[in-house]
Amino acid sequence: MTEVQTESVAARSMGAHHDRVDGVEKVTGHAAYAVEHGGTDPLHAWLVQSTVARGRVLRVDAHQALAHPGVVAVLDHTNTPRLADTGDRELAVLQDDAVGFRGQIVACVLAESPESAREAAGLVSVAYDAEPHRVVFDDEAETYAPEQVNAGHETDASEGDVDAALRDAAVTVDATYRTPHEHNNPMEPHAVTARWDGRTLTLHDSTQGVHPVKQTLTPMLGLAEDQVRVLAPYVGGGFGSKGLPHSPEMAAALAAMAHPGRSVKLAVTRQQMFALTGYRTATVSHVRLGAEPDGRLTAIEHAAVSQTSRIKEFAEQTATAARMMYAAPSRRTTHRVAALDVAVPSWMRAPGEMPGMYAHEVAMDELAVACGVDPVDLRVRNEPETDPETGNPFNDRRLVECLERGAARFGWADRPTTAGATREGDWWVGTGVASATYPMLYMPGNGARVRSLDGGRYEVAIGAVDIGTGARTVLTQIAADALGCPTSGIELVVADTDLPFATVAGGSSGTSSWGTAIAAAAQQFREDHGDDPDPGVETTASAAGYPDMEGHSLHSFGAVFAEARVNAWTGEIRVPRLLGVYSVGRVINPTTARSQLLGGLVMGLSAALFEESYRDPRYGHVVTQDLATYHVASHADVLGIEAEWLDEADHLSTPMGSRGIGEIGIVGTAAAVANAAYHATGVRVRDLPVTADRFLG
Ligand code: MOS
């Protein structure tokens with residue numbers, strides 16, 4: 001970052017509590033979500049999904065459905081508008097007869113009411129030529145090495161002779177860790193309202209990125225840039241599942257284009273989300289650690305296997321955190337994927353880091369036990385001077401401070417050194433720790449527009465989407481500081497592709513990437529128009545500088561402490577205390593930041609104890625397709641939970657001094673819980689979720 005940009009953002013609003021700027025709209029019901037648009041005369045779409053996992057659609061018999069009152073059309077692969085590009089097999093909706101997974105869209109009913117559309121969808125009869133499928137991800141599944149893994153990381157990396165180092169190591173850990181198939185489950189199911197006026201397609205979409213949706217769909221639809229507009233003023237969460245467009249958005253777009261002048265509303269049901277809107281692949285991590293007797297690592301190996309779809313590759317970057325986390329002269333990380341006849345996996349909060357750090361941090365706990373070293377000390381002893389992978393200096397790696405501060409606050413020093421040492425009534429009691437990390441991700445290309453209004457106020461516009469994180473609020477604070485006015489002087493306009501380009505609300509990159517663009521536009525505005533501008537002048541600018549990613553390794557860190565109580569008779573696990581201490585750069589709004597970190601910790605607790613989807617091997621569908629059978633941590637499951645952060649500002653990363661906070665809270669949390677359950681009972685659970693049955697018998 002240039003000096004000037006840094007100086008343009010003097011923290012007056014940043015760092016202070018600020019109520020959510022959209023709080024009133026939300027709690028009064030004035031915030032309109034995706035299917036609350038579309039005027040008074042919309043068509044309602046209902047999806048018909050394949051009942052086979054692999055094969056061909058022979059026939060779609062829509063006679064009965066079309067005879068149903070209110071039904072306007074039934075779209076299938078024979079009568080749906082053609083796409084210009086069908087290369088993306090997830091998004092090439094209703095373009096041919098191929099079925100790649102159970103639950104794929106094979107028809108779409110359009111009717112005058114949602115009830116009519118839903119009833120008629122059940123009357124559509126589809127005949128298939130089914131082919132044998134493989135949907136089970138197990139040790140027999142055939143794997144291959146992808147060309148690269150997600151976020152552009154190398155598939156394999158190695159340094160030194162890992163096998164020799166492991167052979168010579170005084171202490172070794174060699175174990176396999178598994179994380180299950182999980183579904184994101186944001187509160188608002190995926191939804192879209194689409195309208196084609198004969199020239200322009202307008203989507204009100206529940207998405208994490210309006211520009212990314214437009215960029216993906218426009219060329220597939222064969223439309224020009226100025227023919228597609230995507231808006232997402234309010235979004236009820238995403239957790240990554242709305243980070244990329246999925247097939248329902250394309251179905252709605254095509255249905256709208258088949259019915260010019262009518263809005264088409266498509267609300268995905270909770271059940272349909274389990275088939276159509278992405279999920280976290282199950283992962284298998286084979287971790288081998290070699291160490292000196294004092295716990296200093298000599299070798300780290302993390303061999304990760306995950307599952308992808310035969311119709312489109314998705315390669316989870318499970319082992320990448322092992323490349324930069326701890327010092328070890330010999331290291332090897334590999335990724336393999338198994339392609340199955342299943343829906344395409346996608347992003348789910350901290351893809352890569354979440355499953356990878358689970359495996360790595362339980363393995364570290366096993367090493368601590370094997371060496372007889374305290375788990376906090378073990379991590380401190382393995383702190384690298386520079387990034388072990390690149391040799392670059394870290395921005396300001398403060399993992400040790402997070403561990404030490406967390407240990408002090410948690411009362412770690414009182415902990416018995418052996419497992420199974422504490423029994424309180426019917427409960428075994430233990431504590432566990434794990435490290436957390438998440439890269440500072442910065443997405444280039446963002447722009448922002450600043451316009452002066454009457455009374456010394458400014459309109460600040462950027463296409464960024466606030467999916468519930470508080471982005472509107474923190475961007476208002478950033479804009480206020482960059483323009484030298486109070487937050488009440490900022491009118492923030494977001495979430496529309498007619499506004500300057502914004503990247504996805506993903507990878508914990510939003511505040512960094514959009515905030516940098518706003519800071520740059522504000523600085524340019526002040527250069528163009530001064531600090532006391534006439535109303536009505538404006539400047540649009542893009543983020544010019546980049547974080548110093550070449551010269552430095554930019555990451556956030558954290559330490560998670562958990563207390564677990566395991567019932568001696570039932571195996572029930574309760575987590576009365578969960579504490580995360582983080583180094584995440586400057587916290588722009590302590591209220592919304594705490595909410596993100598606590599939310600991540602809750603989701604990590606949920607992954608630790610509950611979340612797991614089951615696919616029926618016979619038919620290939622997900623049987624846990626509601627919130628009763630797919631349990632997400634509820635209020636009663638979440639007991640004492642706290643998050644805090646170090647006071648810092650990281651100007652290598654952004655002019656605001658901030659990094660990302662959306663994902664790091666889930667990283668390491670499940671490992672801390674599993675490690676605490678081990679300390680309570682002496683039973684080592686390596687596969688998530690950590691369920692009661694593991695402690696019985
Ligand atoms: Mo997040 S899983 O990068 O939307």
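The values are calculated or read from the model by the stated rules, or taken from the named source; none is laboratory data. Keep in mind it's a predicted model, so treat the numbers as computed, not measured. Cβ sites come from the backbone with ideal geometry, for glycine too, and all protein chains shown count toward neighbours. Just so you know, the surface numbers come from the protein's heavy atoms only, side chains and all, with ligands and any DNA or RNA stripped out. Shrake-Rupley method; radii C 1.70, N 1.55, O 1.52, S 1.80 Å.
At a glance:
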| quantity | calculated |
| --- | --- |
| Exclusive hit being out of contact with any strand residue (DSSP E or B) (no Cβ under 9 Å at 6 or more places or on another chain), modelled with pLDDT of 95 or more and assigned to a loop (DSSP other than H, G, I, E, B), set TYR619, TYR630 | TYR619 |
| Number of positions in segment 59-78 that are open to solvent by 20 Å² or more (accessible area, probe 1.4 Å) and in contact with a strand residue (DSSP E or B) (Cβ under 8 Å, 6 or more places away or on another chain) | 11 |
| Any hit, segment 642-655, residues being of a type in the set (S, T, N, Q) and over 30 Å from ALA53 (Cα atoms) | yes |
| Tally, over segment 341-355, of residues that are more than 14 Å from the ligand (Cβ to nearest atom) and surrounded by 24 or more Cβ atoms within 10 Å (Cβ to Cβ) | 3 |
| Residues being within 21 Å of the chain's Cα centre (by Cα) and free of Cβ contacts under 8 Å to residues at least 60 places away in the same chain - total across segment 621-637 | 3 |
| Qualifying residue in segment 123-135 (condition: among the basic types (Lys, Arg), touching a strand residue (DSSP E or B) at 6+ places or on another chain (Cβ under 7 Å) and part of a helix (DSSP H, G or I)) | no |
| Hits in segment 537-587 (condition: in contact with a Gly (Cβ under 8 Å, 6 or more places away or on another chain), hydrophobic (A, V, I, L, M, F, W, C) and open to solvent by 10 Å² or more (accessible area, probe 1.4 Å)) | ALA541, ALA543, VAL587 |
| Residues that are within 13 Å of the ligand (Cβ to nearest atom) and either charged (D, E, K, R) or within 9 Å of SER206 (Cα to Cα) (or both), drawn from segment 235-251 | VAL235, GLY237, GLY238, LYS242 |
| Test: residue in segment 262-274 that is among the hydroxyl-bearing types (Ser, Thr, Tyr), within 16 Å of the ligand (Cβ to nearest atom) and in contact with a Pro (Cβ under 9 Å, 6 or more places away or on another chain) | no |
| Restricting segment 370-411 to residues that are among the polar types (S, T, N, Q) and open to solvent by 10 Å² or more (accessible area, probe 1.4 Å), the residue that is nearest to GLU642 (Cα to Cα) | ASN395 |
| Residues of segment 199-234 classified as touching a Ser or Thr at 6+ places or on another chain (Cβ under 7 Å), away from the ligand (no atom under 16 Å from the Cβ) and open to solvent by 10 Å² or more (accessible area, probe 1.4 Å), total | 5 |
| Close pairs from segment 153-176: first touching a residue at least 40 places away in the same chain (Cβ under 8 Å) and within 22 Å of ASP294 (Cβ to Cβ), partner of a type in the set (Asp, Glu) and open to solvent by 60 Å² or more (accessible area, probe 1.4 Å), Cβ under 7 Å, at least 6 apart | ALA170/GLU292 |
| ARG82 vs. criteria open to solvent by 50 Å² or more (accessible area, probe 1.4 Å) and assigned to a loop (DSSP other than H, G, I, E, B) | yes |
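Yes/no per residue for (1) open to solvent by 10 Å² or more (accessible area, probe 1.4 Å); (2) within 16 Å of the ligand (Cβ to nearest atom):
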position: ARG449; (1), (2): yes, no
position: GLY468; (1), (2): yes, yes
position: ASP496; (1), (2): yes, no
position: PHE501; (1), (2): yes, no
position: THR516; (1), (2): no, no
